[in-house]
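K.L.:
Pasting a structure below so you can have a look.
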Amino acid sequence: MKELRNYFRSKECTFQYKSKALNCVQETIKFYHNNKSHKADLVKNLIPIPDISKRGSDIHLLPHVHCWFNIMAKVNKHHKGDMSDVAFFHDQQDHFDDILVYCTEQIRNFSGENQFDPTTDFNIKDEISIHFPDSKKVSGVQLADVLAGFMSRYVMDFIYNDDVIDDVYHDVFAKLLESYNPKVNNFSVNFVLPISRRNKLFKKFKL
């Protein structure tokens, strides 16, 4: 935590909200020193509140959730706040479906915004319909898996690896990104990436 605090204090950090982030870190350090003990329960107050799986185990920071919130907000903006006739389909989740349904209900009480993505509107008023079909029986879900798999592998290779990528993959990626135009519509790729990594990708494709 102190290393994190020092980073936010440094000139190296150019994060737009560094002062707010620094305040959060300092409050956390202060809380720790005021309450530190050998009891394990203290640690639970310093980490995100977990979700509970169907088996009763704790699940911390389920990656589906943040992406799912943003996708709902994208669709909500595209439909101009009226999602009364919208249905979402997610491949079958034996252990996480209850958590996703719970989060779906909670977002209706949330009025925040994603300042990094103008294609979203989190002011969701309608009840959200979500289904979990078996992907082996639904071609639409299979197609989504194929596209998501390609996008994930491409971005990982382009951003995190030094491997030379064949031009055909750049061409396919560019074709998929033709829909990414916040000025025209809000159907777009939902990038689950750190801002610094996303900027590298966006710079190459002028997004």
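K.L.:
Looking at segment 112-127 only, could you name the residues that are exposed (fewer than 15 other Cβ atoms within 10 Å of the Cβ), over 20 Å from D85 (Cβ atoms) and among the charged types (D, E, K, R)?
P.N.:
Listed by number, the list holds a single entry, E113.
K.L.:
Only helices (runs of 4 or more DSSP H) wholly contained in segment 13-107 count here; list those with 1 or more residues that are modelled with pLDDT of 85 or more and surrounded by 12 or more Cβ atoms within 10 Å (Cβ to Cβ).
P.N.:
The qualifying helices (runs of 4 or more DSSP H) are 18-35, 63-78, 97-106.
K.L.:
Give the number of residues within segment 56-108 that are touching a helix residue (DSSP H, G or I) at 6+ places or on another chain (Cβ under 6 Å) and among the charged types (D, E, K, R).
P.N.:
Residues flagged as touching a helix residue (DSSP H, G or I) at 6+ places or on another chain (Cβ under 6 Å) and among the charged types (D, E, K, R) within segment 56-108 amount to 1.
K.L.:
If we scan segment 146-162, do we find a residue that is of a type in the set (D, E, K, R) and either in contact with a helix residue (DSSP H, G or I) (Cβ under 6 Å, 6 or more places away or on another chain) or over 26 Å from I195 (Cβ atoms) (or both)?
P.N.:
no
K.L.:
Further, regarding this structure: What are the residues in segment 1-12 that are within 27 Å of the chain's Cα centre (by Cα) and surrounded by 10 or more Cβ atoms within 10 Å (Cβ to Cβ), if any?
P.N.:
M1, L4, R5, N6, Y7, F8, R9 - these are the residues of segment 1-12 that are within 27 Å of the chain's Cα centre (by Cα) and surrounded by 10 or more Cβ atoms within 10 Å (Cβ to Cβ).
The values are calculated or read from the model by the stated rules, or taken from the named source; none is laboratory data. Note that the coordinates shown come from a computational prediction; the quantities given were computed from them, not determined experimentally. Note: ideal-geometry Cβ built from the backbone for every residue, glycine included; neighbour counts use all protein chains shown.
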